[in-house]
1. By how many degrees, 0 to 90 and rounded to 10, does the Cα axis of helix A:242-255 deviate from the longest principal axis of chain A?
2. Hey, fewest Cβ within 10 Å first, where do B:Phe341, A:Phe340 land in order?
3. According to a simple spin-label model (label point 7 Å from Cα along Cα-to-Cβ), what is the distance in nm between B:Glu120 and A:Gln365?
4. Expressed in nm to one decimal, what extension gain is obtained for the pair B:Thr346 and B:Ile320 from 0.36 nm per residue of sequence separation less their Cα-Cα distance?
5. Any chance you could get the radius of gyration and Dmax over the Cα atoms of chain A, in Å?
6. Give the calculated FRET efficiency between B:Glu287 and B:Ala433 to the nearest 0.05, with a Förster radius of 35 Å applied to their Cβ-Cβ distance.
7. Which percent, to the nearest 5, of DSSP beta bridges fully inside chain A are antiparallel?
8. Sort A:Val166, B:Val397, B:Val166 so the one with the fewest other Cβ atoms within 10 Å of its own Cβ comes first.
Amino acid sequence: MAKHSSGMARVGGKDSKDLPKFSRDICERLLADLERAKRPVLYATKCSLDNSIYNHKVGFLTAGEKKVATELNVSSVKKMSRAIFLLEVMLRNLETGGVNTKRELYYIAKGEVKHNAAMKALDFTDQDESDGVIDFICELLECYREDFNVYANDRGGQTYSQNLIVTETLVDGDTAVIDLSRLGTTPFQPKNRPQNLKLSTKKKLDFCLIVESEGTANTLVANGFTKRHNSVLIGAAGVPSNAVRGWCKLIQDQLDVPLYFFGDLDAYTMQNIFRTLKAGSAASLIRNQDYSAPDVKFLGVLPEDIAKYQLPDYAVKESDAQEGRALKKAHDALKNDPFFHDKKNKGLTEILNWLIKNKRRCEQQAFFSVNPRDPLMPEKIIVEKIKRGNFV
Amino acid sequence: MTGAVCFGLDLHMAKSNAVKTAAAKEPAAPRASKANLKISTSSTAEYFSKNLQQVGFSSQVKAVLTTLKEAVDNSLDACEEHGILPEIEIWVEKMGAGSLKNSDKIRVRVSDNGPGIDPEDVPKVFGEYLASSKFGRGRCSRGQQGIGISAATTWAQLTNASGARVTTKTKAMRKAFSALVEVDIKNNKGVLKEKETLDWDRSNGTNVEFIIDGRIQLNGEAGILNYLTGTVLVNPHLTLHHNLPCGASEDGGGRALERISIPRVTDTMPEIPEATEPHLHTMKLGEFIAHSHLYGRVKVDAWLKRGFSRVNEGTIKDLIATGLKRNFFDKNVDQLNEVEFKDLYTKIQNTTLIAPSTKSVLMIGEEALAKSIQRVGKVDFFSVVSRKPTICDFKPVEVEIAIARLLDRAGENDAPIQVLRFANRVPLQFDKAACAVTQAIQTVNWRAYGLGQPKESLPLGPYIMAVSIVSPFIKFKNASKETIDASDELVEEIRRTLIQAGQRLSKYIKKELRANDLEEKLRYIEQFGPILVDGLCRITNASDDRKKKAQDGLMKILGRDADAAETALAEAEKKLGHGSETVENASEIESRDGEDVDPISVDEIEADSKSKSKSKKKLSAKSAPAPKKLPVAKKLADVKKPKIIVSKGK
């Protein structure tokens, strides 16, 4: 695999520089087929769990051999026309150096249609439609949408550290150096373009802690966590966004520091949040390589913590739509998700089994109940767990 | 009017001809006179004259409709009894202000080509309550008790001091007989006034005219037009001429009459099944004892075998096995005392008997219903299901259903469907919610068949759903026969029939959706093909020559697809109907056996092993072409022609 300019390996060996050529090659092939009245076919990687492979040596979910073939016919002509239309818009983005979110691209596409009556049939009625076409193009070209300068909103990943320095290469080639220790209580917000960031430390870090709840991360920092511990502390804010996933991957690769995830003990956290952070997701098989941190460990809450610290826990209400759905998804994960089938993840699988069997859940904030008069108690427990190796 | 159908005084009811009323139900005042405490006896006519709301005269609108309905029912029953294809003409018009507050003076006239009535029977038919030739006979006639037409005469008498004007002639009479019939309310007798004989322009028939207080409502569920639509639908052999007020006025007051003729669609008379003897398990002890009085001095053995259905030597042996002695059956039935009757009755109830025969049930028939539904409006598509008679609540019942999509209501996708309910081929127009038919419709998941349906409600759409229940013993909730009692077994039987009709409907709707899908794909080819080529050429900077070549190539590829889509569309349309047979041409109806059935519904239906063996017939038809021009496949424009498919032998 080729190395990305930022140092990350890339699937398919393409980067932004290759994309215009690669896109034109595909279009050329389609046109040549049409000239010969031959039915053109496009092949895209199938991004679904049934085409996911997990190998602990690789560390993230990768795509299998399955491809989705889209042959030009009356059923696919609309989809293919829209793909070529949006590809043209995205290539123009690359040429002009334009940067957009998916929402903005949706409106750009609508604007194109608005000013050209011949394209009226291509109009998108909502963003889901244009998002689907963008994903299709990326699966077709085996590239990231970020390669086309199309980014999601920066969300989650607020980062605190007294020792981390981030050097960002800007679009115009300038660099910006951010010393996180000088930001006070203001967090550093990781960007959707981790490849533009370079990390260094004032001194060797002991660990990186990723907290599921952004609020709890803020509390720990406010109580002086990063002052007392030579660490990086990140608030994930729920299911990690691409920015958070890429950011954690960057920290793992560039700082060579142990990563721990601290979150709720429930099926949703284990299967949706932690698995995505550690190994990526089935929907983003082609990008998991740069958007997952396989070294991250599950610090807790662990099932044994409930008894050990006498944490308040709750019964999972199957009647509750959300909790019932999470439980059902956990069943599905145990059955179909290759990540939980791998023997290296046996500990995580056991936690999932425990959750299904006991139908209990415990929130990360439960550590605040251990000694309600000591605001530092959660911090003490977290550090003690790291020291004792009490994680999975 | 009614031939000899409504005059045979029923022995059962002879005793109940008098209704006892306690004149002093309230606690007697200490100084009350003796007369106040005396228990008086009222005649049946007196009872009904004070309770006409119980038999359909509860409002001004209902009074007009009930009068019309009773007269038409009697005409139809009389014609069918005598094998005459009915031709009925009706007039309903406003004559001025009525005597009651906020009422109009309405003339309701019904004239038929029936057998006519002997003059001596006229007062019984029109002026005597419970004088019926049909009560308890176990036949599927419209009228049963002999109340309705007498109630109409009473209403005319009470509101306009004048009864029913009847003119009638049988074939045996040289001249027609005409008289004014009134009800002697005190004695429950019909009285003839203004008798005369006259020349008439027909060999036989009856004409009856009522002048009553009421209000004319033409439209809506309770409207006269709805009643006539329903009557026409379930009586394919009926030719109806109606003279109703025309013009913008909803109540038709003072407007000229417009004559509309609806010819019959079949010359085949419905087969009137023979009445069957009562079934022992459907009788109560009192009825059982009363039934014995009809037979006089006969042996118990003979009485049971002849007087009841499903009793044979085997039954007698079973009864002996329960402890009755053989010589008990050799006794004369009039010698049995009450204890012996009770003992016999109890033992019979504990003995297994074959279920009552379903032979007594009259069917409209699928073909007749299929033709008749064409008369309710511009029908786009319909589905007819006629289930074999079955036993519900130990009584024979037959359910027939017709569902039609109406072209003239195409915009009413969000409105509930129109439900037409029928009991023994009489439209039911009031108290819909409590009726077994409505409840059964609401229990079916119509969404599975492609219709919209709010939770536990009637489905939505431009459909008309006609549900006909035929049985010699329909259980009504009230004397005015407006609502069928929703017993679990009957609701289930109706539900099963609805499911079958729904399956048929669903096949059509799904095919229609598929056809629409294909049409859309064809449109896509025109829209997206050139855009695709333009986009590719812009990205690759291709020359105009290449562009032209690619466009030609694309059209070749998609042209092949278009041909395939056209073929598929034509096939889908073909499956909706066969060839170009029109619904009017009944002789060209094509049979198609072994049609596949929706598996979900099959499960539901097969749950009852009994129903499995039942023969079911379905008809469906498509009429009134609605051709659509397609952008590419213009030759598809002629695919939507009126068609009919008949499937038989389930």
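1. It is inclined by approximately 70 degrees.
2. Values: B:Phe341 17, A:Phe340 23.
Final ranking by Cβ density, sparse to dense: B:Phe341, A:Phe340.
3. For the pair A:Gln365/B:Glu120, the computed spacing is 9.8 nm.
4. Values: separation 26, 0.36 × 26 = 9.36 nm, distance 1.31 nm.
Here the answer is 8.1 nm.
5. Here Rg and the maximum Cα pair distance are 22.9, 79 Å.
6. The pair B:Glu287/B:Ala433 has a calculated efficiency of 0.65.
7. Counting only bridges with both partners in chain A, antiparallel ones make up about 65 percent.
8. Fewest to most other Cβ atoms nearby, the residues stand as A:Val166, B:Val397, B:Val166.
Only the coordinates and a few stated rules stand behind these numbers; no lab work does. Because the structure is predicted, anything quoted here is derived from the model rather than measured. Here Cβ is always computed from backbone atoms with ideal geometry, including for glycine, and neighbour counts include all displayed protein chains.
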